[in-house]
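Before any comments, here is the structure.
The values are calculated or read from the model by the stated rules, or taken from the named source; none is laboratory data. Quick caveat: nothing in here was measured; it's all calculated off a predicted structure. Here the Cβ positions follow ideal geometry from the backbone for every residue, glycine too, while neighbour counts run over all protein chains shown. Protein only, heavy atoms only, side chains kept; ligands, DNA and RNA dropped before computing areas. Shrake-Rupley method; radii C 1.70, N 1.55, O 1.52, S 1.80 Å.
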Amino acid sequence: LMVAAAGREPVPLVETQDETDMPAAPVGAAEVAFLIGSRPNQTIAVASTIDGRIVRRLNGTNGSAIRSMTAFADGKRIYYTAAGSLFSIPVSDGQPQRLGAGDVVTADASSHELLVRLDQSAGIRLVRRSLAGGPDRPVPVESLVRLVSGSGGLSPTAIGRDGSLPVQVQAGSSWFWPAASLDPRTGRAK
């Protein structure tokens, strides 16, 4: 993983001989979580964004095939997906807690909920998952488009200040999957 400032050459995010990889997510105001190590022994590491120093490794995630991760601004927990499940782990490490099904996750800071993409045989769908518990709530998507899994996913900070969410969609019979801005409250995609 590299970091670049305007007008400067990219430099490594952290000084380490270990491999570093995506996904990555901001954690609190001055840290970033990312994958470290070689597959199949990757784990989540947390580094300072101020000096690039690794401050901890989350051994509870060792060997998980992590597909996405996110965190809220409070920096207390990291939420990640692996093997079709959504997990939560304290940023200080510990035993991961399975929160249910999930293929990709992002945090919605305005509602303090998780937005989870489920890649199912019947199609791709989005749900809101409350951290307080309770059933998942489906996110509506207008009938003119279908969500697609695409090669990427929801970024850890995907939800804009206006609540919009960038997604890949299939419209009509097109072979192309354009980007769209989805309003998770109304289901409208632009």
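Computed from the Cβ-Cβ distance with R0 of 45 Å, the FRET efficiency linking residue 55 to residue 121 stands at 0.65.
Modelled this way, with points 7 Å down the Cα-to-C-beta line, the labels at residue 30 and residue 92 are 1.8 nm from one another.
Rounded, prolate or oblate: pick one for segment 1-79, where a ≥ b ≥ c are the square roots of the eigenvalues of its C-alpha gyration tensor, a/c under 1.5 means rounded, and failing that, prolate if a/b is larger than b/c, else oblate. In terms of gyration-tensor shape, oblate.
Each Cα pair under 8 Å and six or more residues apart adds its separation to the average, and for the chain the resulting relative contact order is 12 percent.
Under a model in which nothing but the beta-carbon of Lys, Arg (+1) and Asp, Glu (-1) is charged, segment 118-162 shows a dipole of about 100 debye around its Cα centre. Couplings for segment 185-190, taken from phi via the Karplus curve 6.51 cos²θ - 1.76 cosθ + 1.60 with θ = phi - 60°, read 7, 9, x, 7, 10, 10 Hz in order; Gly and Pro are left as x. Rolling a 1.4 Å probe across the protein heavy atoms gives segment 44-190 an accessible surface of 53 Å² per residue. Expressed as a whole percent, the accessible area of the chain that falls on carbon and sulfur atoms is 52 (1.4 Å probe). Computed about the Cα centre, the dipole magnitude for segment 34-190 is approximately 120 debye when only Lys and Arg (+1) and Asp and Glu (-1) carry charge, each at its Cβ. Seen from residue 71, the other residues with C-beta closer than 11 Å to its C-beta sum to a net charge of 0, counting Lys and Arg as +1 and Asp and Glu as -1. A Förster radius of 30 Å combined with the Cβ-Cβ distance from residue 65 to residue 148 puts the calculated FRET efficiency at roughly 0.90. Site pair residue 101 and residue 171 shows an inter-label distance of 2.9 nm when each label is modelled 7 Å from Cα along Cα→Cβ.
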